[in-house]
Amino acid sequence: MKAFITGGCGQVGSHIAEILLARGDEVVSIDNYATGRPEHLSEHPKLTQIEGSIADKELIDKVVGDFRPDVIVHTAASYKDPSDWYSDTMTNCVGGANLVNAAKEFNVGRFIYFQTALCYGVKPTEQPVTLDHPINADNSSYSISKTVTEEYLRLSGIDYVTFRLANVIGPRNVSGPLPIFYDRLSQGKGCFVTKSRRDFVFVGDLARYAVKAADGQGNGTYHFSSGTDVAIIELYDAVVKAMKLNNYPEPEVREIGEDDAESILLDPSRTFADFGDIEFTPLEETVRRGVEYFKEFGVHGGYTHLKHDDKK
Ligand SMILES: NC(=O)c1ccc[n+]([C@@H]2O[C@H](COP(=O)([O-])OP(=O)(O)OC[C@H]3O[C@@H](n4cnc5c(N)ncnc54)[C@H](O)[C@@H]3O)[C@@H](O)[C@H]2O)c1
C-alpha cells in the first residue's frame, strides 16, 4: 500500500508510519515541525520525508499527484497557541481542504482523519457522549478549525474514516498533562491538577486501529476511546510511579476552568461493533512508555489548547 501521512513526525503520525513501514508499505510524510520532531521518524528505504506545510496547495497537489497514494492519513494539526487563529485556520482548515480536494482530484481511495472530542463542547449534554450528540465547537480555535475538515469530508463524497479522540498519550506526546507533569517533576517543581477526568488512550493502540481503517475497515465517524475515564490526579500518580520518585511535591488541586471540560467520555460502541473488541493498554504501562521516551529525548512542548493554563 502507498500511504501519504500528514504530520508524520508527530505523536500519532509517526506511530502509524512505523507500523506501515514495518510491514513493507511505502510512506510519504509531510511535516512542518510545528510540534513534531524530525527524530520521531527514522530514515527508512520506503519512507520519503518532506518538510513543508499542508496549507501549501501547490505542494499538496504535486505530492498527491506524483505519489498517487492509496490512502491519506491526515494527522497534522495546529493547536499550540490558542490565540494563533491564523496558524490554526491555515493548517486545520486550508490544509484540510487542500488534502480533501487532492484526494478527490487524484482518486485517493481512502482518507483517515482525527478529530478532537472538544467538537462536542466543554459541557456535553450526555455522558457517555454518543455519535448523535450535536456538534458545538465554539470553545476554542482548535476545536472550531478542526471541525471544518470533517465537514469537507462529508461534503466530498470520498471514502473516509474520522476518529474522534479521547486523550491520546504515550511516547512523543507533546500536549496535555503527561509531558507537563514529567517536565516539572523532573525539575523538582510542583504541579497542579484540575478536578477533571479524562479517558487516556495509548497512542500505539490508536495507531493499530488507524492502520486497520487505512486498510479499508470501517466507514464514517467513530469514537476512539475506552469509554472509561480516570481523574487527572491518577495520571499524576502514574507519572510519579513511572519516574520512581520517593520524594515529590503533592499537587495543588484546582477547580476546572471555564474553557475546560469536567469529563468527555465518548461512547465507543460503534467502534467495537465495526472493528471488534479493543484491548486497551493499561494507563500505568502507557505512562511508563511515555516516561521512558521523555527520559531519552527530553520534553518538547507541553502545549495546551486551553487559554487559562498556568505552566509556571
Ligand atoms: N493527542 C490527542 O490527545 C488528540 C486528541 C484529539 C485529537 N487529536 C488529533 O490527532 C492528530 C494527531 O495528534 P498528535 O497527538 O499526533 O499531535 P502532534 O502535535 O504530535 O502531531 C501533529 C503533527 O502535525 C505537524 N504539523 C502541524 N502543522 C502542520 C502543517 N501545516 N503542515 C504539516 N505538518 C504540520 C506537527 O509538526 C506535528 O508533527 C491531530 O490531528 C490532533 O488534532 C489528538
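Values quoted throughout were computed directly from the atomic coordinates according to the rules given, and no laboratory measurement underlies them. Note that the structure is a prediction, hence the values are computed from the model and not measured. Cβ: placed from backbone, ideal geometry, glycine included. Neighbour counts: every protein chain shown.
Here 53, 78, 143, 263 are placed in order of increasing Cβ neighbour count within 10 Å, fewest first, which gives 263, 53, 143, 78. Taking the centroid of alpha carbons for each part, the stretch 100-156 and the stretch 196-240 are 17 Å apart. When only Cα pairs below 8 angstrom with a gap of at least 6 residues are kept, the chain shows a relative contact order of 20 percent.
Residues 25, 66, ranked from the fewest to the most other C-beta atoms within 10 Å, line up as 66, 25. Placing unit charges on the Cβ atoms only, positive for Lys and Arg and negative for Asp and Glu, gives the chain a dipole magnitude near 400 debye about its Cα centre.
Here the Karplus curve 6.51 cos²θ - 1.76 cosθ + 1.60, taken at θ = phi - 60°, turns the phi angles of the stretch 233-245 into couplings of 5, 5, 5, 4, 4, 5, 5, 4, 5, 5, 7, 6, 8 Hz, with x standing for Gly and Pro. Volume per residue of the convex hull around the Cα atoms, evaluated for the chain, comes out as 118 Å³. PRE reach from residue 270 (point 7 Å along Cα→Cβ): which of the stretch 94-135 fall under 11 Å by backbone N? Zone members listed by number: 130-133.
Simple rule: put +1 on each Lys or Arg Cβ and -1 on each Asp or Glu Cβ in the chain, find the dipole, and look at 8, 136, 261; the Cα lying farthest toward the positive end is 8. Spin-label model, residue 253/residue 295: points 7 Å from Cα along the beta carbon direction are separated by 3.0 nm.
Over 30 Å between Cα atoms, which of 189/212; 195/244; 104/146; 2/57; 146/241 qualify? Listed pairs above 30 Å: 189/212; 146/241.
Of all aspartates and glutamates in the structure, those lying under 19 Å Cα to Cα from residue 46, and not within fewer than 8 positions of it along the same chain, are 18, 25, 26, 31, 66, 70, 215.
So for the stretch 1-128, averaging the separation of alpha carbon pairs under 8 Å that are six or more residues apart and normalising by length, what relative contact order in percent results? So the answer I get is 27 percent.
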